[in-house]
1. With respect to residue 92, determine if the residue is touching a strand residue (DSSP E or B) at 6+ places or on another chain (Cβ under 7 Å) and either crowded, with 19+ Cβ neighbours inside 10 Å or at pLDDT 95 or above (or both).
2. As an exercise: evaluate residue 405 against (1) within 24 Å of residue 275 (Cβ to Cβ); (2) in contact with a strand residue (DSSP E or B) (Cβ under 8 Å, 6 or more places away or on another chain); (3) surrounded by 17 or more Cβ atoms within 10 Å (Cβ to Cβ) and give the number of the one condition it does not meet.
3. May I ask you to say which residue of 362, 281 is surrounded by fewer than 18 Cβ atoms within 10 Å (Cβ to Cβ), part of a helix (DSSP H, G or I) and touching a residue at least 24 places away in the same chain (Cβ under 8 Å)?
4. Tell me, yes or no, whether the range 42-58 has at least one residue that is within 24 Å of the chain's Cα centre (by Cα), closer than 30 Å to residue 336 by Cα and in contact (Cβ under 8 Å) with a residue 24 or more places away in the chain.
5. Out of 15, 19, which single residue is assigned to a helix (DSSP H, G or I), under 28 Å from residue 132 (Cβ atoms) and at pLDDT below 95?
6. Can you report the number of residues in the range 396-422 which are farther than 16 Å from residue 254 by Cα and touching a helix residue (DSSP H, G or I) at 6+ places or on another chain (Cβ under 8 Å)?
């Protein structure tokens, strides 16, 4: 009964948002706009942090927002409001129209093509609300942190354990007649602790995140793993400057693919701000690399039935046989480049890469000697040139086994070379984000140390 009531409430929220969208589009038309679009979101959540056995923060949030964009020919105006009263909404539409009348024409401005709108809204199973009150969240966070602190006597301090639950309702519509809405949830639990020995202190963490709370790792499991990872880093050393093979652990390997997505995004390409400009149809990865988007995976954190312009999302290849087959574009960037939208207004939706047969242990064995990176620091990535330089920490590997932890080093190279020198993708896929990848082994990277 409770689940039925929750589903009914979600349906009512979506119907209300869709009706508001319809009213906004009608008002824009009445004021003379040749085209218009509107997006509405309502979000709520709870976040609790416990540190050293005491409640540190309890945060409740309720946010809502409405954005309206109108077009008078090729002139565009945008306005927003968090006031959902009829008068405030009409004022936002009037403000957008007033702005559009004074802006310069832009040949690429306008809605996405009508034929690209999502014809149906598939149920992607993204909404699993958790009726979590503050007391229950505190209890879970306490259990998580207590387990971390009890796992090893060298755990001397804690940055805390956090439990969070959020839900949101989103609607988008435009003057093509498209109106769509869907609800999402996102629940998470994390813990970070500090270990100390005669050699100093180290910090590490672990977390779990899912659409459905039943798919979260247990509080005790998260706390235990956070502690084990932290203790394992004690006694970290620096390395001598050298060239070495490197394995990016699955939990950070997604950052390499994120850099690739930035480099093939339409906005960077039409601004001539990408080292991969002009590389469509060219090979930038080894032959075995297959990178693709799967927007309709059930319960996945990046799933969406349509993008921020109402364009239907769809599964498609970005890289096949190492060759770039598609850029990542919204309709504006697509017009700038003389191409078509790829349904990526607002970003990608579940990026995947084909994996090999080896898990992380297997990759280490095959690498034999090199660096396993488990943490990256800093933002030293230049998408214009591809130059890459970031602080790193991890473990030195010899004879296929971890021999000691490593800290205070920098890894450097160029993304074009790093992509082409990917040796293998592990099957230890991390499912906790919008990019799903296993550990990535790159043949040779410069390590700057002592």
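The values are calculated or read from the model by the stated rules, or taken from the named source; none is laboratory data. As the structure is a prediction and not an experimental result, all values here were calculated from the model. Reconstructed Cβ throughout: ideal geometry from the backbone, glycine too, with neighbour counts over all protein chains shown.
1. yes
2. Every listed condition holds for residue 405 apart from (1).
3. 362
4. no
5. Exactly one of 15, 19 is assigned to a helix (DSSP H, G or I), under 28 Å from residue 132 (Cβ atoms) and at pLDDT below 95, namely 15.
6. Number of matching residues: 5.
For every residue, the table says whether it meets (1) within 22 Å of residue 364 (Cβ to Cβ); (2) within 21 Å of the chain's Cα centre (by Cα); (3) crowded, with 19+ Cβ neighbours inside 10 Å.
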residue	(1), (2), (3)
210	no, yes, yes
254	yes, yes, yes
266	no, yes, yes
272	no, no, no
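Matching residues to (1) assigned to a helix (DSSP H, G or I); (2) farther than 30 Å from residue 30 by Cβ:
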{"residue": "99", "(1), (2)": "yes, no"}
{"residue": "110", "(1), (2)": "no, no"}
{"residue": "121", "(1), (2)": "no, no"}
{"residue": "124", "(1), (2)": "no, yes"}
{"residue": "129", "(1), (2)": "no, yes"}
{"residue": "160", "(1), (2)": "no, yes"}
